[in-house]
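Take a look at the structure below.
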Amino acid sequence: MNPSLKLALLVLIALEVSFAQVWSVNVALIVVSLGLMLINHIPWRRLLWLTLVPLFFAGTLVWSLMLRGNASPHFLIVLFTRMFVYVYMGGWFTLTTKPLWLTRSLEQNAKLPSKFAYGFLAAFNLMPKIQAEVATVRAAALMRGEVLHVWSPRLYFKVILAAMNWSDQLAAAMTSHGFVEDAPRTHALTVPLVARDWWLFGISLLLVQVGLFVGLP
Amino acid sequence: MATVTVHALTYTYPKQARPVLDRLSGTFPAGKFSLLTGVSGGGKSTLLKLIAGLLPNDEPASITFDDQPLSAIAPGQRASTVAMLFQEPSTQFTMDTVENELRFALENQQVPATEIPRRSDAALAFVGITPLKHRKLMQLSGGEQQKVALAIIVAMDSDVILLDEPFASIDPPTRLVLLEKLVALCTKRGKTIILADHDLSGYQQWVDHLAVLADGQLHLLSTAETQTRFAAFTPQRLQLTHVQLPNDQLTVCLRGTQLGLTHGDRQLLTPQNLKFYAHRTTLITGPNGSGKSTLFKALVRLGRYQGHIAYRDTDIKKIHKRHYARQVGLMFQAASAQFLNVTVAEELALSQKYGNSTYFTSTRIQQLLQQLNLAGRDDRVLYSLSSGQQKKLQLLCMLIMAPAVLLLDEPLKGLDYASIQAVMHILTTVQRDLNLTLILISHQLSGLNDLVDLHLQLADHQLTYQGVRT
Amino acid sequence: MKRWHIRDIILVTIIAFFMGVIFWAIGPVYTILQAALAPVGLSPLANELVIGIWVMAGPLAGFVIRIPGSATLGELLGAVVEMFLGGMWGASTLISGVLQGFGSELGFIFTGYKRYGWFTLALSALTTTVVTFTWDLFRNGYAAYHLPLLLLLVCVRFVSVFLFGGVLTKLINNLLVRAHVLKN
């Protein structure tokens, strides 16, 4: 499925599920997402992680509501299953979508300005540098006798200074590689958006609507 | 072929009073390899960025390519007019892999999709890095990244190629390959090349002429003048007349057991046993990119390593981080990495608060500031100081902390002659007075003789102590 | 009004990732807090205590990159990263990201992107609390809690958002202003 449409489908369903109170639809969505993850050969460790995390958080949430709230059992089941819908659908999406392909699709199919698409991608590469910078700042502080915590302004100050430097360097490098904001570009690889994508998108959304509004529990 | 003409170019950095480039004029001839030289902080990078159109220029007509200012060239054609290769290898890419970065650059030039693979492959083959095509850029070494950066410029077919200290952190073999390719681009494809470097060593046989940037002015030397200048230039030699080989009388302070270092999948240091000795000054030398800074990072627990490192016979991983950081300190290569505050006074105050305050009294610190020509700058913002001033202040801050072991990564980088003399004097005095252990990495070799007791050389992935050379 | 340039886009993304790294680092604290409070049925309190750090990307981006939309974009990008890292909220992270970012953005919108001081930060903390709490009334079923607990939750959330998104952000901003990289 086309990544942009897949993203739209994901967000729309997640939004609807957040307000709807139909646990049977939640269960159906969980089963479908689980099936899709299994078809796409999800590593079992990842699946375990995706199951244990919501189990823990949904468990504590439901328990707190039982102790300190007046929610009906039906609502508790809805909340419990909702958490799994979020995580399993998110898991299916991230498992089957490469960030680069999604960005290309957003640029080509969803007409996201290319400066946003490639600005994000350029920063993506810096992830390890950001982690290293945090470690360096903290080490530099320790050598001077200070411990920096998550609430120390100087930790953020130093990392933002470095970030400003990197963004200057990257912006210059992109210009040097011929990137001009809002100028037309060609595409070495085109992300297909075909009728089948629209059909899949439409039918999936329709099925969820039917499920939500025919009076299922 | 394109001739780069600069005419009456003035550039002043925001919030600075004096212009860094002052009505600068000069011509870089088409199809020639020019070496742009001058002191650190003299404006070489600024000039290159202005030529590349990467800094705002109030008078675009002051820089022309075959009489055309960059602003008159269609956006899609600018990269095929001029492109730049940067000093920091890792922050010049947008995409994840080599192939994708090439695609990105060629898409920007609106090269038809069908032609992109052919041009990419040809460029990779030209630089000789076809096997890197599908590799992730962030997993490549600095030298490989610079080769990729050059391949992209080759693919874009840029007429003018600018390089800003491109060899600062890469190994000598890669430097040779890159220089060969650059000369080929000049002679076979008529490209105009301007390469900036503050150090003249190792360029004589490669470049056509020198362009000297001094006091905001540019002087282009003729071929004959260039040869005279190169002939008069003697590369620095390491002269250590009283280094000794380690003996039993010395105390070991840091001990590596089967210590190995890697960068990605590249082995920098093959596992070996290694000792550093207390109360002595050890100099580590070795080619760029061979792993000297990586070793320092490992010693202060900022990087991964194989084997074990012990400080006074305790594994450093078992020492509380806070405690260890006060015992073994690192003066980072980049001064800005050391600073934690905003102004000079704040930074010094932080060191005084936790440092050795009985030795470094306020009077002594004032004296040292005088010696370093830094006095009276208390309220200056650290990040607005020149790189030399930053370096000197950084050294002072770490000396005041007086850790038992102080690692110094290029403490003399970018300093002028007078500053080097002052710094060496201070280092020698403080080391002697406080009986510190100093371990330093330096490419600046002159003036080190009085300080250095032990010399450790990194060659062929092995560190070995050297005696006096005859 | 200022437009988005490539440098700003890269910077906002780095800030979002950086906050992701910070949030990742305190993840264990959050989990322990959640587990410790769970037996007495106060696990949502863990959420409220640390939410300030999670929503900080918004005001921080809004202060550093003073372009309309920067707070929302900063927070949304943080959410995208979190989803790809396999965070515990999965697909709903994206919606939360937009809402949290928009919550902080409202503070800047109300002051016309002209004032960058305490008032804007306090306002932004308030709008963030209102918007995100309303969202949690639905998503996490907070509406079913007894009123006293609900009041406690909303107060703790405001304090957390104000301390991190307000006080800490302002202190960071002060340093950046003094270093001449930001205007006052």
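The values are calculated or read from the model by the stated rules, or taken from the named source; none is laboratory data. The structure displayed is predicted, hence computed values, not measured ones. Here the Cβ positions follow ideal geometry from the backbone for every residue, glycine too, while neighbour counts run over all protein chains shown.
Which ones in the range B:42-68 are in a loop (DSSP other than H, G, I, E, B) and either surrounded by fewer than 17 Cβ atoms within 10 Å (Cβ to Cβ) or among the charged types (D, E, K, R) (or both)?
Answer for the range B:42-68, where residues must be in a loop (DSSP other than H, G, I, E, B) and either surrounded by fewer than 17 Cβ atoms within 10 Å (Cβ to Cβ) or among the charged types (D, E, K, R) (or both): B:LEU55, B:PRO56, B:ASP58, B:GLU59, B:ASP66, B:ASP67.
What number of residues within the range C:126-184 satisfy the criterion of being farther than 30 Å from B:ASP379 by Cα, basic (Lys, Arg) and more than 9 Å from chain A (Cβ to nearest Cβ)?
1
From C:ALA36, C:ALA79, grab the single residue that is more than 7 Å from every other protein chain (Cβ to nearest Cβ), without any contact (Cβ under 8 Å) to a residue 24 or more places away in the chain, surrounded by 24 or more Cβ atoms within 10 Å (Cβ to Cβ) and of a type in the set (A, V, I, L, M).
C:ALA79 is the lone residue from the list that is more than 7 Å from every other protein chain (Cβ to nearest Cβ), without any contact (Cβ under 8 Å) to a residue 24 or more places away in the chain, surrounded by 24 or more Cβ atoms within 10 Å (Cβ to Cβ) and of a type in the set (A, V, I, L, M).
Which of the residues belonging to the range B:101-141 are surrounded by fewer than 19 Cβ atoms within 10 Å (Cβ to Cβ) and assigned to a loop (DSSP other than H, G, I, E, B)?
B:GLN110, B:PRO112, B:GLY128, B:LYS133, B:HIS134, B:ARG135
Consider C:LEU99 carefully, then state whether it is hydrophobic (A, V, I, L, M, F, W, C), at the interface with chain A (Cβ under 7 Å from one of its Cβ atoms) and closer than 24 Å to A:LEU61 by Cβ.
no
Under 9 Å by Cβ, and 6 or more places apart or on different chains, what pairs join a residue from the range C:54-72 that is touching a residue at least 60 places away in the same chain (Cβ under 8 Å) with one that is of a type in the set (D, E, K, R) and assigned to a loop (DSSP other than H, G, I, E, B)?
Between residues of the range C:54-72 that are touching a residue at least 60 places away in the same chain (Cβ under 8 Å) and residues that are of a type in the set (D, E, K, R) and assigned to a loop (DSSP other than H, G, I, E, B), the close pairs are C:ARG66/C:LYS2; C:ARG66/C:LYS183; C:ILE67/C:LYS2; C:ILE67/C:ARG3; C:PRO68/C:LYS2.
Among the residues of the range A:99-109, is any facing chain C (nearest Cβ under 7 Å) and modelled with pLDDT under 90?
yes
Consider the range C:46-76. How many of its residues are over 15 Å from the mean Cα position of the chain (by Cα) and within 11 Å of chain A (Cβ to nearest Cβ)?
2
When you go through A:LEU36, A:LEU67 one by one, which is the residue that is more than 10 Å from every other protein chain (Cβ to nearest Cβ) and in a helix (DSSP H, G or I)?
So the residue among A:LEU36, A:LEU67 that is more than 10 Å from every other protein chain (Cβ to nearest Cβ) and in a helix (DSSP H, G or I) is A:LEU36.
Checking C:ALA143 against (1) crowded, with 19+ Cβ neighbours inside 10 Å; (2) of a type outside the set (D, E, K, R); (3) within 23 Å of A:PHE57 (Cβ to Cβ), only one condition comes out false. Which one?
All conditions pass for C:ALA143, except number (1).
Exactly one of (1) loosely packed, with under 15 Cβ neighbours inside 10 Å; (2) in contact with a strand residue (DSSP E or B) (Cβ under 6 Å, 6 or more places away or on another chain); (3) under 30 Å from B:ALA459 (Cα atoms) is unmet by B:HIS219. Its number?
If we test B:HIS219 against (1) loosely packed, with under 15 Cβ neighbours inside 10 Å; (2) in contact with a strand residue (DSSP E or B) (Cβ under 6 Å, 6 or more places away or on another chain); (3) under 30 Å from B:ALA459 (Cα atoms), just (3) comes out false.
Just give me the residues in the range B:429-449 being assigned to a helix (DSSP H, G or I) and either out of contact with any Leu (no Cβ under 8 Å at 6 or more places or on another chain) or farther than 22 Å from B:PHE339 by Cα (or both), in sequence order.
B:THR429, B:GLN431, B:ARG432, B:ASP433, B:LEU434
Within the range C:92-123, restricting attention to residues that are among the polar types (S, T, N, Q) and closer than 30 Å to A:TYR88 by Cα, which residue is surrounded by the fewest Cβ atoms within 10 Å (Cβ to Cβ)? Spell out the reasoning first.
The first filter runs over the range C:92-123 and keeps only residues among the polar types (S, T, N, Q), leaving C:92-93, C:96, C:100, C:104, C:111, C:120.
Of the ones still in play, those that are also closer than 30 Å to A:TYR88 by Cα are C:92-93, C:96, C:100, C:104.
Numbers: C:SER92: 28, C:THR93: 25, C:SER96: 23, C:GLN100: 30, C:SER104: 35.
That would be C:SER96.
Kindly check whether there is at least one residue in the range B:375-386 that is crowded, with 22+ Cβ neighbours inside 10 Å and either within 26 Å of B:PRO287 (Cα to Cα) or not polar (S, T, N, Q) (or both). Walk me through it before giving the result.
Here is the first cut: in the range B:375-386, the residues crowded, with 22+ Cβ neighbours inside 10 Å are B:382.
From what is left, the residues that are either within 26 Å of B:PRO287 (Cα to Cα) or not polar (S, T, N, Q) (or both) are B:382.
For the range B:375-386, residues crowded, with 22+ Cβ neighbours inside 10 Å and either within 26 Å of B:PRO287 (Cα to Cα) or not polar (S, T, N, Q) (or both): present.
Out of the residues in the range A:39-60 meeting the condition of being within 27 Å of A:PHE75 (Cβ to Cβ) and of a type in the set (A, V, I, L, M), tell me which one is nearest to the other protein chains (Cβ to nearest Cβ).
Looking at the filtered set, the residue picked out is A:VAL53.
Take the range B:69-90 and flag every residue that is part of a helix (DSSP H, G or I), out of contact with any Phe, Trp or Tyr (no Cβ under 7 Å at 6 or more places or on another chain) and touching a residue at least 40 places away in the same chain (Cβ under 8 Å).
Step one: of the range B:69-90, the residues part of a helix (DSSP H, G or I) are B:70-72, B:75-81, B:89-90.
In the following step, the residues that additionally are out of contact with any Phe, Trp or Tyr (no Cβ under 7 Å at 6 or more places or on another chain) were identified as B:70-72, B:75-80, B:89-90.
Within the range B:69-90, B:ALA79, B:SER80, B:PRO89, B:SER90 meet the criteria.
Consider the range A:194-217. How many of its residues are closer than 16 Å to A:ILE13 by Cβ and among the small types (Gly, Ala, Ser)?
Residues that pass the stated criteria total 3.
Confirm whether A:GLU16 is assigned to a helix (DSSP H, G or I), within 11 Å of chain C (Cβ to nearest Cβ) and not hydrophobic (A, V, I, L, M, F, W, C).
Here the answer is yes, as A:GLU16 does meet what is asked.
Any chance the range B:424-443 includes a residue that's over 24 Å from A:ARG144 (Cβ atoms), crowded, with 21+ Cβ neighbours inside 10 Å and at pLDDT below 95?
Among the residues of the range B:424-443, not one is over 24 Å from A:ARG144 (Cβ atoms), crowded, with 21+ Cβ neighbours inside 10 Å and at pLDDT below 95, which makes the answer no.
For the range C:154-184, which residues satisfy the criterion of being within 17 Å of the chain's Cα centre (by Cα), surrounded by fewer than 21 Cβ atoms within 10 Å (Cβ to Cβ) and aliphatic (A, V, I, L, M)?
Passing the criteria: C:VAL154, C:VAL156, C:VAL159, C:LEU163, C:VAL167, C:LEU171.
Would you please list the contacts, defined by Cβ atoms under 9 Å and residues six or more apart or on different chains, that run from a residue in the range B:427-456 that is over 21 Å from B:ILE400 (Cβ atoms) to a residue that is exposed (fewer than 15 other Cβ atoms within 10 Å of the Cβ) and among the basic types (Lys, Arg)?
From residues that are over 21 Å from B:ILE400 (Cβ atoms), the pairs are B:LEU445/B:ARG237; B:SER446/B:ARG237.
Among what's in the range A:129-149 and is more than 10 Å from chain B (Cβ to nearest Cβ) and not β-branched (Val, Ile, Thr), pick the residue that is nearest to A:SER167 (Cα to Cα).
Quick first cut of the range A:129-149, residues more than 10 Å from chain B (Cβ to nearest Cβ) only: A:130-131, A:134, A:149.
Remaining after also requiring not β-branched (Val, Ile, Thr): A:131, A:149.
Numbers: A:GLN131: 16, A:HIS149: 25 Å.
Checked the range A:129-149; the qualifying residue nearest to A:SER167 (Cα to Cα) is A:GLN131.
Yes or no, residue by residue, for (1) under 25 Å from B:TYR277 (Cα atoms); (2) in contact with a strand residue (DSSP E or B) (Cβ under 9 Å, 6 or more places away or on another chain); (3) hydroxyl-bearing (Ser, Thr, Tyr); (4) in a loop (DSSP other than H, G, I, E, B):
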site	(1), (2), (3), (4)
B:ILE365	no, no, no, no
B:LEU369	no, no, no, no
B:ASP379	no, yes, no, yes
B:MET398	yes, yes, no, no
B:PRO403	yes, yes, no, yes
B:LEU415	no, no, no, yes
B:LEU427	yes, yes, no, no
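Can you list residue pairs whose Cβ atoms sit under 6 Å apart, with the first residue in the range B:96-115 being of a type in the set (Lys, Arg) and the second being part of a helix (DSSP H, G or I)? Count only pairs 6 or more apart in sequence or on different chains.
Every condition considered, the pairs that remain are B:ARG103/B:ILE116.
Give the residue that is farthest from the other protein chains (Cβ to nearest Cβ), with candidates limited to residues of the range A:150-200 that are basic (Lys, Arg) and in a helix (DSSP H, G or I).
Top of the filtered list is A:ARG196.
Only helices (runs of 4 or more DSSP H) wholly contained in the range C:106-184 count here; list those with 2 or more residues that are touching a residue at least 12 places away in the same chain (Cβ under 8 Å) and within 12 Å of C:GLU48 (Cβ to Cβ). Break it down into steps so the answer makes sense when it comes.
Values: elements: C:118-139, C:147-161, C:169-178.
Those helices (runs of 4 or more DSSP H) span C:118-139, C:147-161.
Looking at C:GLY117, C:GLY87, can you tell me which residue is at the interface with chain A (Cβ under 9 Å from one of its Cβ atoms) and at pLDDT below 90?
C:GLY87
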